[in-house]
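Below is one structure, written out as structure tokens, with a few remarks after it.
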Amino acid sequence: MSRPITLCTAQWSDLSLEEMCKVASQMGYEGIEMSTSGTFDVEKAVKDSSYVPYVKETLKKYNLNSWALAAHLPGQCVCDLWDPRLDGFAPDELAGQPEKIRAWAKEQLIMTAKAAELMGIKVVTGFMGSPIFKYFYSFPQTSEEMIDAGFKEIVEVWSPIFDEFDKCGVKFALEVHPGEIAFDYHTFKRLLKEFNYRETLGCNFDPSHLLWQGINPTVFLHDFIDRVYHVHAKDVKMNLTGSTSVLGSHLTFGDMERGWNFVSLGHGDVDFDAICRVLNQGGYTGPISVEWEDSGMERVYGATEACEYIKKYNFEASDIAFDSNMKN
């Protein structure tokens, strides 16, 4: 199959690049989506001429490749409203300093584009943050002007970053996700319009974040397939019993009292068969990257099983009509 199966390393940042490659290879993956917050050092890539050859050689050693860098944490810091949680995404010495965190984050994204170019990688996945996500429920009353201002700020801050991406020949794939300026169908549609459909900006399609919101991931994928620059395979299990909520009830991930939980592939409600069929129809040949998240399962067991599971749904489209030979 032309679509390689890769593993997003964001949840494995406690492992060195060598350890990560070894484990991913053993679990059956063909590549890794390297997180810039642990697995891959963008500053070294740009400033140390020996680093990129080292990374490439390490990938080759384990018969792996990389088609995307993941810059979720610095991306979140670019336009998010500061609160103490962002301190954990930035260097310790910047804690409590929103403007310095934002400046650092913007520089990180620009370096990520340059590092991707050096690696021969064409896509950076990540977040963009949002100055208005806290308005997702319109109380206290939220005016249209407030929402307009939020989108305008995103365009103003991210446009110079995207200019650098263009210079490097790299695209940015936003993971449509709660907490982002675009977190569902209509906010992503608006975001594309606000950027005048700039080719630099596309989507990292992750069905799990859509399903629990009540959005049909297959409909989203079909309608935005020309903007899908990368695909995450992640599953979610719904548990709406009548007392549980889609908003999570301030319960930690894995708590069985939640209205939904992220689970290992095949243990949830995402229809990966339908997703594969839309990918085939839309001609998507990029990677399918397993983003493994399941608080109730040991990760090596789970990610190994997930790799085997998604390969079953990575089939090619037929090159003939099924009834083409039904004739005398």
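The values are calculated or read from the model by the stated rules, or taken from the named source; none is laboratory data. Quick caveat: nothing in here was measured; it's all calculated off a predicted structure. Positions of Cβ are backbone-derived with ideal geometry, glycine not excepted, and every protein chain shown enters the neighbour counts. Quick note on the areas: whole protein, heavy atoms, side chains included, nothing else; ligands and nucleic acids left out. Shrake-Rupley method; radii C 1.70, N 1.55, O 1.52, S 1.80 Å.
Tabulated results
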quantity: Every residue from segment 42-59 that is open to solvent by 60 Å² or more (accessible area, probe 1.4 Å) and closer than 12 Å to Leu17 by Cα; calculated: Tyr54, Lys56, Glu57
quantity: Test result for Tyr301, touching a Phe, Trp or Tyr at 6+ places or on another chain (Cβ under 9 Å) and either open to solvent by 50 Å² or more (accessible area, probe 1.4 Å) or not aliphatic (A, V, I, L, M) (or both); calculated: no
quantity: Every residue from segment 9-64 that is more than 18 Å from His232 (Cβ to Cβ) and of a type in the set (Asp, Glu); calculated: Asp14, Glu18, Glu19, Asp41, Glu43, Asp48, Glu57
quantity: Out of Val246, Val263, sole residue that is crowded, with 21+ Cβ neighbours inside 10 Å and under 28 Å from Gly202 (Cβ atoms); calculated: Val263
quantity: Helices (runs of 4 or more DSSP H) contained in segment 119-213 and holding at least 3 residues open to solvent by 40 Å² or more (accessible area, probe 1.4 Å); calculated: 144-168, 185-194
quantity: Out of Val278, Val270, sole residue that is crowded, with 17+ Cβ neighbours inside 10 Å, in contact with an Asp or Glu (Cβ under 8 Å, 6 or more places away or on another chain) and of a type in the set (A, V, I, L, M); calculated: Val270
quantity: Cβ pairs under 6 Å, 6+ apart, first in segment 212-230 and more than 25 Å from Thr244 (Cα to Cα), second open to solvent by 30 Å² or more (accessible area, probe 1.4 Å); calculated: Phe220/Tyr185; Ile225/Gly282; Tyr229/Lys171
quantity: Residue list for segment 60-117, filter: under 24 Å from Leu191 (Cα atoms), surrounded by fewer than 21 Cβ atoms within 10 Å (Cβ to Cβ) and small (Gly, Ala, Ser); calculated: Ala103
quantity: Contacts under 8 angstrom Cβ, first residue in segment 105-131 being of a type in the set (D, E, K, R), partner open to solvent by less than 10 Å² (accessible area, probe 1.4 Å) and part of a helix (DSSP H, G or I), 6 or more apart; calculated: Lys106/Val78; Lys106/Ile161; Lys114/Val42; Lys114/Ala45; Lys122/Ala116
quantity: Selection from segment 201-256 of residues that are out of contact with any strand residue (DSSP E or B) (no Cβ under 7 Å at 6 or more places or on another chain) and at positive phi; calculated: Gly214, Gly242, Gly248, Ser249, His250
quantity: Boolean, Ile215 is within 30 Å of Tyr29 (Cα to Cα) and in contact with a Gly (Cβ under 6 Å, 6 or more places away or on another chain); calculated: no
quantity: Filter result (open to solvent by 10 Å² or more (accessible area, probe 1.4 Å) and of a type in the set (A, V, I, L, M)) within segment 229-240; calculated: Met238, Leu240
